[in-house]
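This report concerns only the one structure given below.
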């Protein structure tokens, strides 16, 4: 089960607060689309639209996945994990790069700080 509880270490909580399956799906799809800032090719208009659409769909799927597949009931954990996905997408560029608001240094800072703070935000379920 993915729900954070009081018996888990800080590292275990951190792992449960990153939607690894959703981030993995995003990385595979963005690799297929070519939406990475590290990509050697210049994305065309269709690729730009696709990376934005895929990002929005996966963002919307994150809480649904947590509720239905991972059986998470902690609303704060669901919200924090969904925000974590958005931060990971920003770190990878994708739609933010397409929109011209991607800054790698800022992305790295946000990611590191978020991953350090997030396990402190979610109050674990007792048991």
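Being crowded, with 18+ Cβ neighbours inside 10 Å, modelled with pLDDT of 90 or more and farther than 30 Å from residue 3 by Cβ is a property that holds for residue 50. Here residue 111 clears all of (1) within 15 Å of residue 25 (Cα to Cα); (2) modelled with pLDDT of 90 or more except the condition numbered (1).
The values are calculated or read from the model by the stated rules, or taken from the named source; none is laboratory data. The shown structure was predicted, so the numbers you read here are calculated from the model rather than taken from an experiment. Because the Cβ atoms are built from the backbone with ideal geometry, glycine has one as well, and the counts that use them run over all protein chains shown.
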